[in-house]
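A.B. asks: Submitted below is the structure of interest, expressed as structure tokens.
The values are calculated or read from the model by the stated rules, or taken from the named source; none is laboratory data. None of these values were measured; they are calculated from a predicted model. FYI the Cβ positions are ideal-geometry reconstructions off the backbone, even for glycines, and counts take in every protein chain you see.
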Amino acid sequence: MKTECDQCGTCCAKGGPALHVEDISLIRSGLLSIDDLVTIREGEIVLQSDTGKPETTEVELIKIQGLGGDWCCRFLDPGTRTCTVYENRPLACRLLECWNPDAALEISGKKLLSRFDIIAADDPLLELLRFYDQQLALPDMVEVRVRLNSEEQRESTLAELREQVERDLLFRALAVDRFAFPVERELFYFGRPLFHLLAPLGVAMTESPEGIALHFEEQ
């Protein structure tokens, strides 16, 4: 039987949980598809579950993709505010009780899944993903924020970021062309594009026949 907390949908509306090693069975059995997942790469700015503050994550996270382009869990039924995979929901969801979050907080940051736990050892994409992580590691987002808010460093920072954004998009395009996987799976393999991660820092991207341009708006 679902409790009042299960039915309210408040937590699910804030985004899907990070997956733990115990959740690998959901993926292996096909109850959860990698097309439902998004990788949060090491160095991204995320809201910490214990403090609720935005901080860079020191480890890779695998989370359930959002619904309708936002962070609302894609398995939340917006009409009934209930979980559509309730019987097969991830560990963090099973432990979470809004009135008593201690059990969920106890596993926070521990025994987390990464892409390399999920992808088969003989998958030809593994070598490509390792190369991507090495060659296109995320910039220090905290340092980027500081430099963007400095008038003396802003233009040079935007120029550097533009080059990194271009390389990131080109790599993804080549990977999609070579392996022909859908956009949903791209979010699992490579995480969100760099220009998406820069948006909360006030950086917007525009495209034209001359290429892409980055613009900064003070927040």
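A.B. asks: What pairs can you find where one residue is in segment 125-150 and assigned by TED's automatic domain parsing to the domain that holds PHE195 and buried (at least 17 other Cβ atoms within 10 Å of the Cβ), the other is among the hydrophobic types (A, V, I, L, M, F, W, C) and not in a helix (DSSP H, G or I), and their Cβ atoms are less than 6 Å apart, with a gap of 6+ or different chains?
C.D. replies: Every condition considered, the pairs that remain are MET141/ILE45; LEU148/PHE216.
A.B. asks: More than 24 Å from VAL38 (Cα to Cα), buried (at least 18 other Cβ atoms within 10 Å of the Cβ) and of a type in the set (A, V, I, L, M): does that describe LEU194?
C.D. replies: No: the conditions fail for LEU194.
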